[in-house]
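Below is one structure; the comments refer to it alone.
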Amino acid sequence: MSAFGPGRGTGHAAGNGPPAQAPGITYGGRPWVPSGLCPVAVAPVDWAVPRGYRGELVRRRVHDFPEKLVALTFDDGPDGKVTPRILEALAAHRARATFFVLGERVRLHARLLRQMATAGHAIGNHSYSHPAHPSAQDAQRELRATQELIREVTGRPPSCFRPPYGITKNALTRLALRQGYATVLWTIDSGDALGYERQDIATRATRAPAPGQIILFHDGPGHHTTAEAVPTILEKLSAAGFQFVTIPELLQAWDQWLRQSRRAAACSSTGAGG
Ligand SMILES: [Zn+2]
């Protein structure tokens, strides 16, 4: 609905003084400021998504997309124990990923979140407290509080949203779409939330390597098996020639590919006609 995409319409100037507090938003009754963090961060990777994906639901790969790109996504973090292990594995493979974070966990791990953004990973909104069916009013708070937290800590608003539990028919997802979030599900579930062992998670995650897969993982508290499985997954997919990109980067690549394909189709039909 917004012509500016999520996070652009709140009118806060970045860079001067302490991080702006969103009007009407408090965290546990107290205003919250990420302690010891200066207000502006410079992250090297652009989080903007192409216009065609703003306010759209992404739930499958682009057909025939040829580039060997894969997007690893981690939900429900950050966590002080699990997330750093995943970051280490990603860094060892020069891999970028997308973390769909919860506002309530960002409050606990602001410094870690900034580290994730500075390392080139994309940060997406996964709501504040992971509700399944919030009221319209709560949905507004959930989305906005997390958006503002991410912006305060990293210096930029998130452009992507992942619905808690993958539920798309609720007030939260409807609102995210209306606000212009690229609302991104997954094409492969690693099964790491289902109690699988390390080896099974790795097998499931790499069972159908194909250009443009979006793989679901979790880096919330207790997901140690995920952290154990990630190095194997990175090794397997790297060996198969895949590069690891963020969701915004994948959507950019899809967008470019679709434009090229449309141009090529237009050229060939013009050629045939004349
Ligand atoms: Zn979740």
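Where a number appears in this text, it was derived from the coordinates with a stated rule and is not lab data. Here the structure is a predicted model, which is why all the values come from computation and not from measurement. Cβ atoms come from the backbone with ideal geometry, glycine included; neighbour counts cover every protein chain shown.
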Of a type in the set (Phe, Trp, Tyr) and farther than 17 Å from GLN252 by Cβ, is that true of TYR128?
yes
So which residues in region 226-274 are crowded, with 21+ Cβ neighbours inside 10 Å, farther than 17 Å from ALA210 by Cα and touching a helix residue (DSSP H, G or I) at 6+ places or on another chain (Cβ under 8 Å), if there are any at all?
THR226, ALA227, ALA229, VAL230
I need every pair where a residue in region 159-175 that is under 20 Å from LEU72 (Cα atoms) has its Cβ under 6 Å from the Cβ of a residue that is polar (S, T, N, Q) and assigned to a helix (DSSP H, G or I), sequence separation at least 6 or different chains.
PRO163/THR173
Just checking, does region 92-108 include any residue being more than 16 Å from the ligand (Cβ to nearest atom), within 19 Å of ILE215 (Cβ to Cβ) and in contact with a Cys (Cβ under 9 Å, 6 or more places away or on another chain)?
no
Can you pull out the residues in region 157-201 that are out of contact with any Pro (no Cβ under 9 Å at 6 or more places or on another chain), in a helix (DSSP H, G or I) and buried (at least 17 other Cβ atoms within 10 Å of the Cβ)?
LEU175, LEU177, ARG198, ILE201
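For every residue, the table says whether it meets (1) among the charged types (D, E, K, R); (2) free of Cβ contacts under 8 Å to residues at least 40 places away in the same chain; (3) under 29 Å from GLY52 (Cα atoms).
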position	(1), (2), (3)
LEU185	no, no, yes
LEU194	no, yes, no
GLU235	yes, no, no
ALA240	no, no, no
Which listed residue, of SER129, SER135, is within 12 Å of the ligand (Cβ to nearest atom), of a type in the set (S, T, N, Q) and in contact with a helix residue (DSSP H, G or I) (Cβ under 9 Å, 6 or more places away or on another chain):
SER129
Inside region 67-87, can you point out the residues that are assigned to a loop (DSSP other than H, G, I, E, B) and either within 16 Å of the ligand (Cβ to nearest atom) or in contact with a Pro (Cβ under 6 Å, 6 or more places away or on another chain) (or both)?
GLU67, LYS68, ASP76, GLY77, PRO78, ASP79
